[in-house]
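Visitor: My questions will all concern the structure given below.
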Amino acid sequence: MTRILIMATVLVASVVTVSTATAGNTITQTPAQVNALATAPDPTPKVSSGTPVSLEQAFAASEQPGAQTEVYKAPKGMPQPMVVEGEGGGGGNSCWTREQPKTWGWYPFQMNIHQHTTWCAVYGQYLTYRTTYSKVNEDLSTACSWHNDDQWKVDGGVGNWWVNVKSDSYYDCPTSIPWWTNHYYHSITWEYTASGNIYYNGED
């Protein structure tokens, strides 16, 4: 469910990211019309699977700005699975990557979050590596700006069969009234498994 905060705001100097594709355009929609477009129904994401990548490519993904990374460390005296690359259940790693986009609303007041995750596992058993970074309003022509975006692990993680990762952001959409801005909050949670599958686990 979308949390909606519609309130009058005074324009103040603030650091926000604005889509250059719509910056400077005149907004003609009233607050109610903006809200109707910004909260228009959107399709529920479907189950998908990751694209196989090499162990080297998986590690490189952790160098992306804002990436949050975790690596499995075996108990003392046990072999470290991250040093071996392989397929299937032979003790080596299978690695995958996936960009999971989610968009809310209709033009020109769409909002989106792209969650980029790369992960490895001893196939079908447990995760050995995971790195995630998120981008907000990526490749989107929108009048809405955003701020305070974040991402974090909800549960699971390396050493487990799954990990749930949540990304969120706050959005500000202008209206035809210069001092009135509609405010929205969205989040999306994806689950990544040791078999390379991805599941939709809810949104706000």
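The values are calculated or read from the model by the stated rules, or taken from the named source; none is laboratory data. Note that this is a predicted model, so its numbers are computed, not measured. When we count neighbours, we look across all protein chains shown, and the Cβ atoms used for this are built from the backbone with ideal geometry, even at glycine.
Visitor: Quick one: is PRO101 of a type outside the set (Lys, Arg), part of a loop (DSSP other than H, G, I, E, B) and in contact (Cβ under 8 Å) with a residue 24 or more places away in the chain?
Guide: Judged against the criteria, PRO101 is not a match.
Visitor: Follow-up. Filter the range 131-145 for residues that are within 14 Å of the chain's Cα centre (by Cα) and touching a residue at least 60 places away in the same chain (Cβ under 8 Å); which is farthest from THR69 (Cα to Cα)?
Guide: ASN137
Visitor: If I ask for residues that are among the polar types (S, T, N, Q) and over 18 Å from PRO108 (Cα atoms), which ones from the range 136-153 would you list?
Guide: Applying the first criterion (among the polar types (S, T, N, Q)) to the range 136-153 yields 137, 141-142, 145, 148, 151.
Listed by number, the residues that qualify are ASN148, GLN151.
Visitor: Further question: Residues to consider are GLU99, GLU70, GLU56, GLU63; find the one that is more than 30 Å from GLN33 (Cα to Cα), out of contact with any strand residue (DSSP E or B) (no Cβ under 8 Å at 6 or more places or on another chain), among the charged types (D, E, K, R) and modelled with pLDDT of 90 or more.
Guide: GLU63
Visitor: Which condition from (1) in contact (Cβ under 8 Å) with a residue 60 or more places away in the chain; (2) surrounded by fewer than 22 Cβ atoms within 10 Å (Cβ to Cβ); (3) on the phi < 0 side of the Ramachandran plot is the one that GLY159 breaks?
Guide: Of (1) in contact (Cβ under 8 Å) with a residue 60 or more places away in the chain; (2) surrounded by fewer than 22 Cβ atoms within 10 Å (Cβ to Cβ); (3) on the phi < 0 side of the Ramachandran plot, only one is false for GLY159: (3).
Visitor: Just the residues that are farther than 28 Å from VAL34 by Cβ, part of a loop (DSSP other than H, G, I, E, B) and touching a Lys or Arg at 6+ places or on another chain (Cβ under 7 Å), please, taken from the range 158-204.
Guide: Correct list: VAL158 only.
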